[in-house]
(Lines give C-alpha, C1' and ligand atoms only; values in the text may rest on other atoms or scores of the structure.)
Protein backbone atom coordinates (compact mmCIF):
# COMPACT_ATOMS: atom_id res chain seq x y z
CA UNK A 1 0.00 0.00 0.00
CA UNK A 2 1.49 3.33 -1.00
CA UNK A 3 1.44 6.37 1.30
CA UNK A 4 -1.61 7.93 -0.37
CA UNK A 5 -3.60 4.71 -0.11
CA UNK A 6 -2.44 4.27 3.50
CA UNK A 7 -3.70 7.78 4.33
CA UNK A 8 -7.03 7.11 2.61
CA UNK A 9 -7.28 3.77 4.42
CA UNK A 10 -6.58 5.34 7.81
CA UNK A 11 -9.10 8.12 7.20
CA UNK A 12 -11.76 5.60 6.19
CA UNK A 13 -11.08 3.48 9.28
CA UNK A 14 -11.37 6.59 11.46
CA UNK A 15 -14.69 7.56 9.82
CA UNK A 16 -16.13 4.09 10.38
CA UNK A 17 -15.01 4.13 14.02
CA UNK A 18 -16.53 7.59 14.48
CA UNK A 19 -19.84 6.26 13.13
CA UNK A 20 -19.64 3.33 15.54
CA UNK A 21 -18.88 5.69 18.42
CA UNK A 22 -21.98 7.73 17.56
CA UNK A 23 -24.05 4.58 17.91
CA UNK A 24 -22.84 4.21 21.51
CA UNK A 25 -25.16 7.08 22.43
CA UNK A 26 -28.10 4.73 21.85
CA UNK A 27 -26.69 1.19 21.91
CA UNK A 28 -24.54 -1.08 24.04
CA UNK A 29 -20.87 -1.39 23.00
CA UNK A 30 -21.24 -5.16 22.55
CA UNK A 31 -24.16 -4.64 20.19
CA UNK A 32 -22.24 -2.04 18.17
CA UNK A 33 -19.24 -4.38 17.97
CA UNK A 34 -21.42 -7.27 16.77
CA UNK A 35 -23.07 -5.01 14.21
CA UNK A 36 -19.68 -3.87 12.88
CA UNK A 37 -18.50 -7.46 12.52
CA UNK A 38 -21.72 -8.43 10.71
CA UNK A 39 -21.56 -5.35 8.47
CA UNK A 40 -17.94 -6.04 7.63
CA UNK A 41 -18.73 -9.64 6.72
CA UNK A 42 -21.71 -8.62 4.60
CA UNK A 43 -19.72 -5.98 2.74
CA UNK A 44 -16.79 -8.37 2.21
CA UNK A 45 -19.20 -10.94 0.78
CA UNK A 46 -20.57 -8.28 -1.57
CA UNK A 47 -17.02 -7.36 -2.62
CA UNK A 48 -16.11 -11.01 -3.21
CA UNK A 49 -19.25 -11.60 -5.26
CA UNK A 50 -18.79 -8.44 -7.32
CA UNK A 51 -15.16 -9.39 -7.99
CA UNK A 52 -16.08 -12.89 -9.16
CA UNK A 53 -16.68 -13.76 -12.78
CA UNK A 54 -19.53 -16.13 -11.95
CA UNK A 55 -21.48 -17.86 -9.20
CA UNK A 56 -19.37 -20.95 -9.85
CA UNK A 57 -16.11 -19.01 -9.34
CA UNK A 58 -17.43 -17.45 -6.13
CA UNK A 59 -18.48 -20.85 -4.86
CA UNK A 60 -15.07 -22.33 -5.68
CA UNK A 61 -13.27 -19.41 -4.01
CA UNK A 62 -15.49 -19.30 -0.89
CA UNK A 63 -13.15 -21.18 1.46
CA UNK A 64 -10.12 -19.16 0.34
CA UNK A 65 -12.04 -15.91 0.80
CA UNK A 66 -13.19 -16.88 4.29
CA UNK A 67 -9.72 -18.07 5.26
CA UNK A 68 -8.03 -14.93 3.94
CA UNK A 69 -10.43 -12.41 5.47
CA UNK A 70 -10.70 -14.37 8.71
CA UNK A 71 -6.93 -14.32 8.96
CA UNK A 72 -6.84 -10.59 8.28
CA UNK A 73 -9.42 -9.96 11.00
CA UNK A 74 -7.50 -12.13 13.47
CA UNK A 75 -4.23 -10.32 12.67
CA UNK A 76 -5.79 -6.87 13.02
CA UNK A 77 -7.58 -7.80 16.23
CA UNK A 78 -4.40 -9.22 17.78
CA UNK A 79 -2.47 -6.05 16.87
CA UNK A 80 -5.18 -3.76 18.24
CA UNK A 81 -5.63 -5.70 21.50
CA UNK A 82 -1.84 -5.60 21.98
CA UNK A 83 -1.93 -1.84 21.36
CA UNK A 84 -4.54 -1.50 24.12
CA UNK A 85 -2.40 -3.64 26.45
CA UNK A 86 0.66 -1.51 25.72
CA UNK A 87 -1.25 1.77 26.13
CA UNK A 88 -3.88 0.82 28.71
CA UNK A 89 -3.19 3.79 31.01
CA UNK A 90 -3.52 6.20 28.09
CA UNK A 91 -6.58 4.71 26.37
CA UNK A 92 -8.48 3.64 29.48
CA UNK A 93 -7.71 6.64 31.71
CA UNK A 94 -10.55 6.11 34.15
CA UNK A 95 -9.71 2.46 34.89
CA UNK A 96 -7.11 0.82 37.06
CA UNK A 97 -4.06 -0.25 35.10
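Counting only helices (runs of 4 or more DSSP H) that sit completely within region 23-97, those holding 3 or more residues that are surrounded by 11 or more Cβ atoms within 10 Å (Cβ to Cβ) correspond to 29-51, 55-86.
Whenever a residue of region 1-27 is closer than 18 Å to residue 39 by Cβ, its partners that are assigned to a helix (DSSP H, G or I) and at pLDDT 95 or above, lying with C-beta atoms within less than 7 angstrom and at least six residues away or across chains, give the pairs 20/32; 20/36; 23/32; 24/32.
The values are calculated or read from the model by the stated rules, or taken from the named source; none is laboratory data. The shown structure was predicted, so the numbers you read here are calculated from the model rather than taken from an experiment. Here the Cβ is made from the backbone with ideal geometry for all residues, glycine too, and neighbour counts use every protein chain on show.
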